[in-house]
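For reference, the structure is listed below as structure tokens.
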Amino acid sequence: MVSVGVIGKTADARGAEYNGPQTQSNGPAYFGPAPNPFPYCDSPTYFDPFPENVTPIGRMDVGDMASVTTGGVTMDLVIASGGNEFSQYPGFFPEGGDGGSGDQAKGIELGEGDIAVVSLSQPLFYSQWIFTDVDQPGEGFTVTPAWTAPGESAVFGGDPDFTFAGTTAIAVELDDTNGQSENAESINGRVQVDFLGAVTGITMERTSPSQGRRRRSNVERRGLRRDLRTSHAQQPALLGNDPVRHR
């Protein structure tokens, strides 16, 4: 597992290890398997999958939305911008359905340059977000939190072959380095981004490969863990601006 701390304070896991549903090859998206399965609070709550993911709706265009409410909090997702105009994405696709032959119904799939914005109906503390099927170089994301006040971020890779180069206090950059193909639901192709502080949502932009190369891949955003408590955050996996470490 790779982990990197973005800002130099500390936070400790507080609750029990996640033991809920695990994402399967036929979907839909769940929080597990999680590179960092420990919450920062005693009693975390996990969002249900988007209904649009449970019964995949196929291709989405700019302005199209998905929405789910769990525990009285609503999470809305909107496609804010389309990237490569020749790409079949974004959308929620079943295997062998409107997407490619290998697509599986495990989250929102974004093509190169696509941007999706997630908005929450109230600020959430210590939210944890999963990105999956990020198993090839150039299939990464830029993830920008909407803080209520500047907070901290931590990033966890499911195996040692991820890079977070370019990550700053403003946005997290994540990408694969070795190009080893992984099953879409495998932890080895998953990256987790934890925000230590209150956010009202995130913006996620799918990497645009350099030199005009066209890529199509089932890169998907997965389930989110949320916490409504304001308990003190202590240490995640790694502290401060230290180099990336393996653990």
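The values are calculated or read from the model by the stated rules, or taken from the named source; none is laboratory data. The shown structure was predicted, so the numbers you read here are calculated from the model rather than taken from an experiment. Every residue, glycine among them, receives a Cβ derived from its backbone with ideal geometry; neighbour counts consider all protein chains shown.
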Here's a check for you: in region 62-105, which residue that is of a type in the set (D, E, K, R) and at pLDDT below 90 is surrounded by the most Cβ atoms within 10 Å (Cβ to Cβ)?
Asp103
Within region 137-151, which residues are touching a residue at least 60 places away in the same chain (Cβ under 8 Å), within 14 Å of Asp194 (Cα to Cα) and either among the aliphatic types (A, V, I, L, M) or crowded, with 22+ Cβ neighbours inside 10 Å (or both)?
Val143
Please identify the pairs in which a residue from region 45-64 that is touching a residue at least 60 places away in the same chain (Cβ under 8 Å) has its Cβ atom under 8 Å from the Cβ atom of a residue that is assigned to a loop (DSSP other than H, G, I, E, B) and surrounded by fewer than 16 Cβ atoms within 10 Å (Cβ to Cβ), counting only partners at least 6 apart or on another chain.
Thr45/Gly71; Tyr46/Gly20
I'm trying to understand the selection: among the residues of region 116-155, which are over 20 Å from Pro44 (Cα atoms) and in a strand (DSSP E or B)?
Ala116, Val117, Thr132, Phe141, Thr142, Val143, Thr144, Ala146
Restricting attention to region 154-174, which residues are free of Cβ contacts under 8 Å to residues at least 40 places away in the same chain and exposed (fewer than 14 other Cβ atoms within 10 Å of the Cβ)?
Ala165, Gly166, Ile170
Candidates Thr177, Thr200 - the one that is within 20 Å of Thr70 (Cα to Cα), in contact (Cβ under 8 Å) with a residue 24 or more places away in the chain and surrounded by fewer than 18 Cβ atoms within 10 Å (Cβ to Cβ):
Thr200
In region 168-188, how many are closer than 24 Å to Tyr18 by Cβ and either in a strand (DSSP E or B) or modelled with pLDDT of 90 or more (or both)?
5
Pick from Arg214, Arg229: which is among the basic types (Lys, Arg), closer than 21 Å to Ser81 by Cα and at pLDDT below 90?
Arg214
